[in-house]
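In what follows, a single structure is set out as structure tokens and then discussed.
Only the coordinates and a few stated rules stand behind these numbers; no lab work does. Please read these numbers as outputs of a predicted model, since none were measured by experiment. Here the Cβ positions follow ideal geometry from the backbone for every residue, glycine too, while neighbour counts run over all protein chains shown.
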Amino acid sequence: MSGAATAISARGVGVTVEGHRILEGVDVDVHPGELLALVGPNGAGKSTLLGVLAGDTTPSAGTVELDGRPLRRVPTRELAQLRAVQLQKQGLAFGFRVEDVVRMGRSPWHRTPAEDDDDRVVAESMTRADVTTLAGRLFPTLSGGEQARTSFARLLAQAAPVLMLNEPTAALDIKHQEALLDVLRRTVRAGSAAVVVLHDLSLAAAYADRVCVLADGRVRADGSPAEVLTGPLLTEVYGHPVDVVEHAGHLVVVPVRSHAPAASPTLQEVP
Amino acid sequence: MTAVLPATDPTPGTGGRSGADRPAPTRSGARVLAGRVGLLGGLGVALLVAAAFGAGHGQLDVPPGEVVGSVLHRLGLDWGPLPSHPQGENTLWQVRFPRVAMAALAGAALATAGALMQGVFGNPLAEPGVVGVSSGAAVAAASVIVLDLTFAGTWTVACCAFLGGLVTTILVYVLSRDGGRTEVVTLVLTGIALNAVTSAGLAFLMFLGDTQAREEIVFWQLGSLNGSRWEQVGVVAPLALGGILVALLLAPRLDLLALGDRAARHVGVDVERLRMGTIVVVAVLTAAAVSFCGIIAFVGLVVPHLVRLVAGPGHRLLVPASALGGAVLLVVADLWARTAIAYADLPIGMLTSLVGGPFFFWLLRRARRTAGGWA
């Protein structure tokens with residue numbers, strides 16, 4: 001690894017909940033200008049690791065440094081100026097409008113010089129997340145995908161140098177999946193660091209600079225998509241045969257299916 | 001829907017977009033400000049009008065013009081007529097005004113406490129009763145009545161009710177805290193458990209007491225503003241107004257709690273500290289109102305909902321508008337309690353529940369129709 005300053009640096013992170021080992025000996029670094037995809041099967045510890053990196057979960061072992069400072073020493077508000085988080089599930093207790101929700105992302109900058117930019121940053125973030133047309137809608141009345149995009153706009157509005165997202169594309173259609181990761185990659189190119197939990201390995205292959213594969217609470221592999229996303233490794237980790245093929249210059253990860261493809265549509269008469 | 005426009009400059013901190021790309025601001029700042037001033041001003045005027053009518057009406061009627069005249073004269077302005085009835089001036093200043101002031105303060109305190117409670121729980125059904133303020137105050141008041149305690153003279157009941165409410169709330173909070181964090185559901189369930197214990201305690205006290213004590217407990221619980229005096233107003237006013245002031249300072253951060261505890265922490269809110277501070281304010285506000293007036297239900301639940309219907313969920317406006325709205329509601333409710341039946345003073349807590357219950361039901365039905373209900 002190069003000697004560049006790390007945005008996030010986790011060493012020997014372990015999390016044990018009621019005797020169950022969720023994470024053990026995890027080392028992860030994320031550098032500015034880098035998009036790291038966290039992948040792995042269900043229960044591998046991806047969300048827990050993201051929670052540890054975000055400061056939500058205190059690890060039972062190991063240390064996490066954000067921008068060179070021990071995470072636990074950074075006060076809540078200052079932490080919000082350093083990192084923004086998009087959770088897997090978005091909820092809102094009251095019927096705030098989309099624009100108000102995006103504006104909530106600006107609250108860490110309240111009473112700082114950056115506050116003057118609020119209106120512009122909020123408008124830009126809404127444009128980049130494609131929620132401008134929803135600005136006046138009530139958040140609880142939106143579809144799941146629209147809520148996810150609103151949360152993404154809020155994350156962008158927070159203008160933090162480190163971004164953490166947990167399955168941001170899960171509820172999105174193909175267009176918005178690509179658009180979100182494209183926006184994220186541009187933000188990273190401009191100097192931010194991003195950690196994204198992804199289930200779609202082809203998306204990870206296309207947009208991540210580095211892929212970290214977690215399995216059973218440990219790092220199984222960590223490297224460029226081409227190094228890490230290989231058939232044998234994924235087959236072993238997921239416990240299901242997986243093929244990695246190249247299509248138009250991108251890696252595409254597909255599960256191997258044992259049953260024969262449905263060649264022609266077969267209609268069955270309902271008795 | 002338009003496609004995502006790839007930002008020409010991806011850092012959120014720098015600009016450089018063409019005017020056409022930028023969305024028009026949906027609501028201009030000036031209009032929002034005008035709306036705020038309009039709502040708060042309207043409620044303020046409504047409070048003054050309600051107070052003038054409330055002070056004038058009763059067994060001895062004083063026309064509103066004379067009420068205003070009397071106040072202006074006291075302020076050193078020789079405008080308007082003085083009360084024409086020989087006892088008018090006395091009635092106004094010794095009976096009616098303290099009562100109206102108490103109603104306004106109690107209403108404002110209860111409604112503000114309700115707005116804070118709903119905000120801090122991110123749950124529209126929360127009200128101060130949930131964390132045991134009212135039931136704790138009731139047990140303490142009943143103990144004083146049954147055991148005939150008089151260490152603080154005629155104020156012993158109020159004094160102990162205040163402390164009882166405060167102690168119960170803090171107890172609920174401490175019991176539901178685990179590992180430095182409080183979960184909302186745990187807090188509410190702890191409140192329910194403690195409420196069960198306090199109602200058992202209340203039942204036991206009523207069993208212990210004699211007929212007179214029982215009657216006193218029942219009427220204390222029904223709530224009444226009867227016999228409010230300036231000295232009592234002098235005690236409640238600083239607590240209520242101080243609490244409302246702190247509530248106004250907390251309001252902007254309460255918006256962020258709507259995101260949920262984790263997400264609120266992610267945008268820089270020290271959730272645990274904010275919650276603790278808010279609960280103390282809620283306890284002080286509610287205990288202040290309950291201690292002299294008894295239990296007045298539903299004000300804290302209904303008023304914030306009404307305000308949200310008109311003004312949206314933002315706490316910057318919700319908190320002050322709830323305070324004013326609660327004051328108006330209780331002044332009007334008290335006027336009704338005094339005048340609905342001639343020569344009878346109906347318990348105000350009964351009236352607010354009688355109107356508040358069905359109204360809340362209607363609100364629930366309406367919310368289900370319009371916004372898919374409250375999850």
Open item on the list: Multiplying the sequence separation of B:Thr150 and B:Arg365 by 0.36 nm and subtracting their Cα-Cα distance, what value in nm do you get?
Closed with: 72.6 nm
Task: Per principal axis, descending, Cα span of the range B:236-275 in whole Å - done: 37, 15, 12
- [ ] Let me know the Rg and Dmax you get for the range B:82-153 when you use only its Cα atoms, in Å.
- [x] 18.4, 54
Task: 10 Å-binned pair-distance histogram of chain A (Cα, whole percent) - done: 7, 27, 33, 22, 9, 2, 1, 0
Open item on the list: Suppose only helical runs count, i.e. DSSP H with n ≥ 4. What mean residue ellipticity at 222 nm does that imply for chain A under -39500 (n - 2.57) per run, divided by all residues and rounded to the nearest 500 deg cm²/dmol?
Closed with: -8500 deg cm²/dmol
Open item on the list: Between A:Asp119 and A:Ala61, what is the label-point separation in nm under the 7 Å Cα-to-beta-carbon projection?
Closed with: 5.4 nm
Open item on the list: Distance between the C-alpha centers of the range A:13-91 and the range A:163-214? Whole Å please.
Closed with: 17 Å
Task: Cα-based helix-to-principal-axis angle, B:230-257 vs chain B, degrees rounded to 10 - done: 10 degrees
Task: Over chain B: helical MRE at 222 nm, DSSP H runs n ≥ 4 each giving -39500 (n - 2.57), nearest 500 - done: -23500 deg cm²/dmol
Open item on the list: Rounded to the nearest angstrom and ordered from largest down, what semi-axes does the equivalent ellipsoid of the range A:93-158 get from its C-alpha gyration tensor (root of 5λ)?
Closed with: 20, 12, 9
Task: Under the Debye formula (equal points on every Cα, no solvent term), log10 I(q)/I(0) of the range A:120-271 at q = 0.10, 0.15 Å⁻¹ - done: -0.47, -0.89
Task: Gaussian network model of chain B, springs between alpha carbon atoms under 10 Å - residue of B:Ala30, B:Ala111, B:Ala247 with greatest fluctuation - done: B:Ala30
Open item on the list: Nearest 10 degrees is fine. How inclined is helix B:271-293 to the longest principal axis of chain B, computing both from alpha carbons?
Closed with: 20 degrees
- [ ] Would you compute, for the Cα atoms of the range B:164-234, the largest minus smallest coordinate along each principal axis and list the three values in descending order, in whole Å?
- [x] 46, 34, 15
- [ ] Please return the longest stretch of chain A lacking exposed loop sites, where trypsin sites (Lys or Arg not before Pro) count only if DSSP places them in a loop and at most 11 other Cβ atoms lie within 10 Å.
- [x] A:112-256
TODO: Throw me the Rg/Rh for chain B, computed over C-alpha atoms with Kirkwood Rh, two decimals.
DONE: 1.04
- [ ] Just the number, please: Stokes-Einstein D of the range B:197-255 in µm²/s, Kirkwood Rh from C-alpha pairs, 4 °C, 1.567 mPa s.
- [x] 88 µm²/s
- [ ] Using only Cα atoms, tell me the angle between helix B:64-74 and the longest principal axis of chain B; keep it within 0 to 90° and round to the nearest 10.
- [x] 90 degrees
Open item on the list: At q = 0.19, 0.25 Å⁻¹, what log₁₀ I(q)/I(0) does the range A:62-106 have when each alpha carbon counts as one equal point scatterer in the Debye sum?
Closed with: -0.76, -0.97
- [ ] Under a 10 Å cutoff between Cα atoms, tell me which one of B:Ala101, B:Ala237, B:Ala34 has the largest fluctuation in the Gaussian network model of chain B.
- [x] B:Ala34
Open item on the list: Could you work out the percent of alpha carbon pairs in the protein assembly as shown separated by over 48 Å, rounded to a whole number?
Closed with: 29 percent
- [ ] Quick one: among B:Pro358, B:Pro347, B:Pro86, which has the greatest mean-square fluctuation in a GNM of chain B with alpha-carbon springs under 10 angstrom?
- [x] B:Pro86
Task: Translational diffusion coefficient (Stokes-Einstein; Kirkwood radius from C-alpha pairs) of the range B:255-375 at 20 °C, 1.002 mPa s, in µm²/s - done: 130 µm²/s
